Amino acid sequence: MADIQLPREGSDGQPLGGFSAAALDPGGQTLWLLSDSPVPFLIPIHGVGRLGSADAPAPLLGRRLRFTTASGQPFEHPLDGEGLVLRGEDLWVASEGRRTAEQPAQLLRFDRRSGRLRQALELPEDWRPAPGRGLDGNQGPESLTLLPPLFKELLLAAERPLLQDPPGQVRLLGFGQGPAPGPGPGPGQPLFRALGAFELPLAGARWGLTDLLAFSGQTGPAGFPAGLLGLIRGYEAPTRWWNRLVLLPTPDPAVPPLRPLQDWDLQAAGLTPENWEGLAPGPPLSDGRPTLLLVSDDNFNPLQTSRLARITPHCPAPR
């Protein structure tokens, strides 16, 4: 395991931090970090494959890409990005809501080159605020990944149960293209679909899901063809943190809530206790073993730090 602290300031002299999600570039050596700062941005970290190598230079931070409206203007209200997927020329971001008209929970699509907004999608009715229903304030959507085994559909998840749901059950939501209209080829209309839920492995109000990562048989733990890894966070004021990684099967709306197949205590494995929020695949080790990259959100709090870690999960045969 390698675990390093990131700088608090970028090469442009502006503050860095608030990293709430991460995505690996298709080239496999650059990690993009999503910040939920008041002026939201992405920043690349080059050379993450060197992380943990003896005598290797530290990964290098690049220039930030700021998010703007479709007209290139700053957002009028805060944009609390919590999930990130790179897909072709698009950046998909899950934006956390506050149960207000000014800051709704949304799925957003940005231009990867300019950072300009291309599309803003409201979540389904079950997720919207209503008396005793919907996402609670600052509770998601917290995660965004591509759904296995085809990796064409986006998968969103809440941080904690919706207000109308049983305790300990976190909802999953798929987003993709529906059937094409008419007889011609062409893309269909975008649509959401319910994908069931999964059970948090630890009870109590202090625990929640901070990120999901879909994997295939080549990128995930040995012995599992495809599924999900979930990053679970526990918190106790003022600055106590617990972090776990859970292994889940591929979501199926026809089955009961998913139960973790395996889980790891990341502090016991040597990870610094922090507000770990981002999870992404990492470059493989020299022997071919897959790795994971984790990033923490310092909340721009001087008592916390932004950190980057590279770990290799090991797990026994499925039970």
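Some points to look at:
- FRET efficiency for GLU76 and ARG118, using Cβ-Cβ distance with R0 set to 22 Å, rounded to 0.05: 0.80
- The GluC sites (Glu not before Pro) of the range 92-183 meeting both criteria, a DSSP state outside H, G, I, E and B (loop) and at most 13 other C-beta atoms within 10 angstrom of the site's C-beta, are GLU102.
- Per residue convex hull volume, Cα atoms of the range 27-74, in Å³: 85 Å³
- Coupling constants for the range 114-122 follow from the phi torsions by the Karplus curve (6.51 cos²θ - 1.76 cosθ + 1.60, θ = phi - 60°), and in residue order they are 9, x, 7, 5, 9, 7, 10, 10, 6 Hz; glycine and proline get x.
- Cα-based shape type of the range 222-309, given that a ≥ b ≥ c are square roots of the gyration tensor eigenvalues and the cut on a/c is 1.5: oblate
- Once the convex hull of all Cα atoms in the chain is built, its volume per residue stands at 152 Å³.
All of the numbers you see were taken from the coordinates with simple rules; none came from a lab. Owing to the predicted nature of the structure, the values given are computational and were not obtained by experimental measurement. Counting neighbours? That spans all protein chains shown, and the Cβs are built from the backbone with ideal geometry, glycine included.
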